[in-house]
Structure formats: C-alpha cells, structure tokens
1. What is the angle, in °, between the Cα long axis of helix 7-22 and the longest principal axis of the Cα atoms in the chain? Nearest 10 is fine, range 0 to 90.
2. How large is the helix-only mean residue ellipticity at 222 nm for the chain, computed as the sum of -39500 (n - 2.57) over DSSP H runs with n ≥ 4, divided by its residue count, in deg cm²/dmol to the nearest 500?
3. Please report the Cα spread of the chain along all three principal axes, rounded to whole Å, starting with the longest.
4. Arrange the peptides 480-491, 356-367 so that the one whose residues have, on average, the most other Cβ atoms within 10 Å appears first.
5. Let me test this: with uniform point scatterers at the alpha carbons of region 322-429, what is the Debye-based log₁₀ I(q)/I(0) at q = 0.21 1/Å?
6. So how tilted is helix 266-279 from the main axis of the chain? Cα-based, degrees 0 to 90, rounded to 10.
7. Would you kindly derive the ³J(HN,Hα) couplings of region 87-104 from the backbone phi angles with the Karplus curve 6.51 cos²θ - 1.76 cosθ + 1.60 (θ = phi - 60°), listing them in order in whole Hz, with x for Gly and Pro?
8. Whole number please: convex hull volume per residue of the Cα set in region 435-527, in Å³?
Amino acid sequence: MTQTQTPAQRHAQLTAEVARHNRAYYEEDAPTIPNFEYDTLVRELRDLEAQHPDLAAPDSPAQTVGGRPSTLFEKVRHKAPMTSLDNAFSDAELAGFDERVARALNLAPREQHFAYTCELKIDGLSVNLYYVDGVLQWAATRGDGEVGEKVTANVLGIPGIPTELPGLKGELEVRGEVYMSKEAFLAYNTRAEEEGRPLLKNPRNGAAGALRQKDPEETRRRNLSMILYALGKRDHVPVRTQWDILEWLTAQGFTTSPYSRRVVGSEAAAAYHAEMTAQRPNLPLDADGSVVKLDDLHLQDEAGSTSRAPKWAVAYKFPADVAATVVEAITVQTGRTGKLTPVAELRPVQLEGSTVSRATLHNEDFIRGLDLRVGDTVRVHKSGGIIPEVLGVLLEKRPQGVLPFVFPTHCPVCAHEAVWHEGAAGTFCTNPACPAKTTLRVRYFASRDVLDIKGLGERLVEQLVDAGLVEDPADLYALTAERIESLEMGETATGGVRRVGRKNAEKLVAEIEASKTRELWRLVRALGLPFVGRGPAPAWPGYTGASAPSSQPRSRT
C-alpha cells in the first residue's frame with residue numbers, strides 16, 4: 001500500500017488484481033504471473049481484510065475458491081465441497097499452524113505432538129471422481145469448490161483410474177490431481193515444434209487445457225497422469241486416518257504418491273518439507289510445495305473448516321526460485337517450419353540446480369510486450385521447473401542508452417524476406433529452399449520418432465545439404481554410397497580429415513532403403529503436415545500395415 005492510498009483504495013485494487021488472476025488461472029488456464037507473486041497478493045489482501053473486517057465481503061477473492069465453471073461443459077454439484085488450502089511460507093508459520101490446530105481442538109499449544117500426513121503439493125488440476133455402488137458416474141473439475149465441470153470422457157483417457165470398485169456400496173468421492181509429467185511435457189512440446197503447432201507454456205497449462213476441451217483424443221496425446229489423495233463424501237469406506245485413506249486408495253488400484261509420509265510433530269513436518277525442497281529439481285512432476293494434514297479424521301472433523309479452507313491442513317509452499325541476470329544478446333533462429341524464434345542469451349545464472357544461459361523469447365510480440373532490450377536485467381525462472389523463461393524486466397536497472405530491439409525483416413540464415421503470420425503468431429522465412437529449413441526438415445524426416453533412419457545424424461545432414469546432394473527429404477532416396485563416402489565428418493585424433501567411409505556409407509544407404517517399409521503413420525508424419533502427430537494409422541482404404549497400399553482393387557461409390 002502506497003503512502004497516498006487508504007486501506008479501502010488498496011483493498012479495491014488488490015480485489016481487482018486477484019480476481020483478474022483467478023480468471024486467468026482457473027477459467028482460462030493461462031496464468032499471467034508466477035505462483036509466488038499470486039500468493040503474495042492474496043496474502044496481502046487477507047491481511048488487509050483481517051485488519052479491516054468492514055472491507056471483507058462474502059464474494060471477496062480472498063474468501064472464495066477457484067473460478068466459475070465453464071459454460072462449455074455440463075455443470076455438476078460436488079457431494080462434499082472441494083475447498084482450498086491456507087498457505088505457510090516458513091517453519092515458523094508451520095509451527096503457527098500446529099498451534100492453531102491445538103486451539104481448534106481446545107488443547108494447549110505443545111500439549112501433545114499431532115500425527116500429520118505429509119504429501120507433495122502437485123501443480124495440476126484438481127478433479128473429483130464420483131462413484132455409486134462402486135461404478136464411476138462422472139469426473140468433474142473443482143470449479144468454484146461447490147460446482148464443477150463434467151470432464152468424464154477426458155479423464156477416462158488417463159491411465160490408472162478404475163471405472164469399477166467391486167463390492168463398494170453407497171456414494172463415494174475420490175479426489176486427486178491431474179498433471180502432466182515433465183517427461184510428457186517435453187515430449188509433447190518437441191512434437192508440437194516439429195509439427196508447427198503452438199507450444200505449451202508449462203505442464204499445468206498442458207493438463208488443464210487437455211481436460212477443458214472437447215476432444216478426448218487430445219487428452220490421450222498429452223499423456224496425462226493422476227495422483228489420488230483424498231475422499232469427499234464416503235458412505236462405506238473403513239478408514240480412520242488420512243494415512244488409511246492413502247493405503248485404501250492404493251489397494252483399490254488408484255495411483256497414489258510415493259512421496260507421502262506420516263510424521264509426528266510440526267518439526268518432523270518441516271524436515272519433510274526441507275527434504276522435498278531439496279529433491280524438487282529432480283522430481284518427475286511439477287510441485288509447488290508440500291501439504292501437511294492432521295492425520296486423525298475424527299480430529300479433522302473436530303477442528304472444522306472456514307468457508308474456503310480446512311483448519312486441519314496447510315500448504316507449505318516452496319521458496320520461489322527466481323533469479324536476476326543480464327541479457328547479453330538476443331539471437332534469432334530459423335526453425336524447420338521457417339519460424340524465426342528470438343532467444344535471450346543470458347549471463348549464466350543458477351536456477352533449480354542447473355546453469356541457465358539462454359531463454360526463449362517466443363516471438364516479436366513477446367519482446368515488444370516486455371519492452372526487452374539487450375543490456376536489461378531480467379527476472380528468470382524455469383517454467384514448469386523445466387524451461388527457462390523471462391518473467392519481466394527490472395526497469396530500474398536499465399543502463400542509459402540501450403535501444404529497443406529491432407526484429408529482423410529477413411531470415412538470419414538465407415537473407416530472404418521474413419513476414420509476420422497472424423494466425424501462427426510468428427515471423428516466417430519466405431524462402432522454401434532456406435538451408436536452415438532444409439537441414440531441420442531432413443533431420444526431422446530421419447528422426448527416431450518419424451522414419452527412424454539410423455546413422456543420419458546432425459553433422460551428416462548438414463554435409464549433405466551443404467554439398468547440394470539433398471535439397472528435400474525425397475533426395476535421400478537418390479543417394480548412393482559413392483556420393484556419401486567422401487563427405488567430411490570432422491577431424492581424426494591426429495588432426496586429419498575424418499570421412500564417412502565406404503562401409504558406413506553402404507550401411508546408411510541400406511537404412512534409407514529400409515525406411516520405405518516403415519509403418520504408415522511414420523510416412524504420414526514425415527510429410528511434416530501441421531497438426532499431424534504420432535499415433536495409429538487411420539483406417540484408410542487399402543492400408544495393410546506398411547507404407548505401401550494394398551494391391552487389392554476397391555470399388556468407387
């Protein structure tokens with residue numbers, strides 16, 4: 001709050017900001033600020049409402065959960081509310097949570113050490129599975145905590161979700177988090193880049209976007225996962241503790257987290273959190289903290305809840321891993337589709353256990369939106385814990401005399417004109433014979449996930465293109481061992497010229513020939529058509545399982 005703002009003015013400003021970020025995160029699946037910045041705003045708003053209760057309102061974003069359900073999906077009311085969690089940001093605040101639990105149970109603080117179940121806080125999308133007499137009826141997003149959106153068809157594309165629980169009677173809600181693993185995220189973006197499709201910004205966007213769209217096949221393509229960790233309404237489940245719930249879920253065939261642990265006392269919970277913080281860079285999924293839950297379900301009921309969060313659980317957030325560094329240059333690369341992608345060349349900085357020296361800047365609009373200039377100091381983090389991303393410019397550190405970046409109007413590789421394509425949100429080289437495009441197209445064509453031509457690596461592709469032997473992937477099938485064997489492949493240990501050689505050339509020609517009999521989906525994908533990815537071959541007439549069509553005649557209708 002500035003010195004000139006009244007509490008009411010600051011409250012109005014914070015309310016509008018948090019509401020805007022809630023819409024972006026929960027309803028549009030496109031968060032505009034990092035989690036730690038959002039948490040800071042929400043905390044300030046809650047503190048302000050605690051100091052000035054007259055400012056608080058029932059619909060304040062500090063008192064509500066999630067966002068409004070989408071109009072694209074059928075709405076469904078949860079049998080038990082799906083509440084949010086209060087946050088802790090230090091061991092001292094975790095100890096304060098422990099004391100609040102004691103007070104809620106009418107016990108003196110430190111009178112006893114409570115048992116807690118500690119779990120990893122996965123950064124995904126909360127989903128509720130509803131069963132009646134052991135049969136799955138629907139799956140729904142959290143929505144506003146009371147009403148969510150039915151996404152059953154999409155959720156059924158996720159492995160490890162039982163559709164039947166034999167012998168179970170009555171109603172049951174099973175809650176968990178749908179997420180995209182780091183491996184699945186990288187694999188998806190690699191394919192998307194090869195196919196000229198937009199890249200996912202982070203794993204959470206990948207998961208949320210897959211669930212909140214109408215094509216179940218797209219959900220399957222994103223290779224999502226789900227970890228279950230809670231029960232809502234439960235009629236006949238023999239559990240007395242949160243740890244019992246996790247063991248029961250595992251026994252029923254649900255996927256539960258291998259990182260959960262039962263501890264006694266807030267000090268042990270803090271030690272668990274410190275361990276998870278240290279492991280964070282190596283986790284296979286994106287997480288933003290740990291969740292500490294009072295283990296005894298009877299004590300949970302006694303402690304109760306507020307309108308937005310239980311009093312018996314807290315989310316202990318990981319510290320924000322954001323670094324400031326200097327943009328030493330902005331380079332522009334030409335990709336396989338001809339798209340010009342700007343890259344920030346950074347003064348090396350440590351982030352989450354690795355050295356970061358480069359970060360994509362996406363396109364010209366992204367640079368213009370940040371007013372990013374060479375010489376600026378920028379805030380950098382790893383999007384989804386994986387991809388270095390520039391968050392913003394520290395304008396107060398901008399050196400005098402730095403000039404706005406001028407995006408090239410010509411391809412940096414072939415010098416042909418480059419033009420902006422609004423639909424693709426990017427600038428593209430107009431030269432169909434651009435060497436950069438040709439080299440990357442051929443590498444893509446021969447890659448393991450396309451036609452899988454072994455021995456055709458990056459250096460050899462560059463030599464073939466530079467020598468004029470390959471101007472298009474189809475030219476590979478005209479190559480002979482004689483034309484390949486003398487190509488240079490670098491230096492020998494003694495400083496001489498290392499060439500492909502006759503034996504390797506013959507092996508490569510044989511590999512190229514063998515690629516003619518690969519599966520049909522590989523051939524189709526090798527064409528490089530936009531939005532065509534890996535998957536089973538469609539039921540095309542005459543398809544026999546290899547790339548050649550059947551010789552059987554077919555009638556015309």
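Computed from the coordinates by the stated procedures, all read-outs in this text should not be read as laboratory data. A quick note: this is a predicted structure, and the numbers were derived from the prediction, not measured. With ideal geometry, Cβ positions are generated from the backbone for all residues, glycine too; neighbour counts draw on all protein chains shown.
1. So the inclination is approximately 50 degrees.
2. Details: 16 runs with 163 residues, N = 557.
After summing the helix terms and dividing by residue count, I get -8500 deg cm²/dmol.
3. So the extents along the principal axes, rounded to whole Å, are 87, 69, 55.
4. Details: 480-491: 14.2, 356-367: 17.8.
Answer by packing, highest mean first, reads 356-367, 480-491.
5. Debye output, listed in q order: -1.11.
6. Rounded to the nearest ten degrees, it is 10.
7. With the stated coefficients, region 87-104 comes to 10, 10, 10, 7, 4, 5, 5, 5, 4, x, 4, 4, 5, 5, 4, 4, 5, 5 Hz.
8. Spelled out: Cα convex hull of region 435-527, divided by residues, is 90 Å³.
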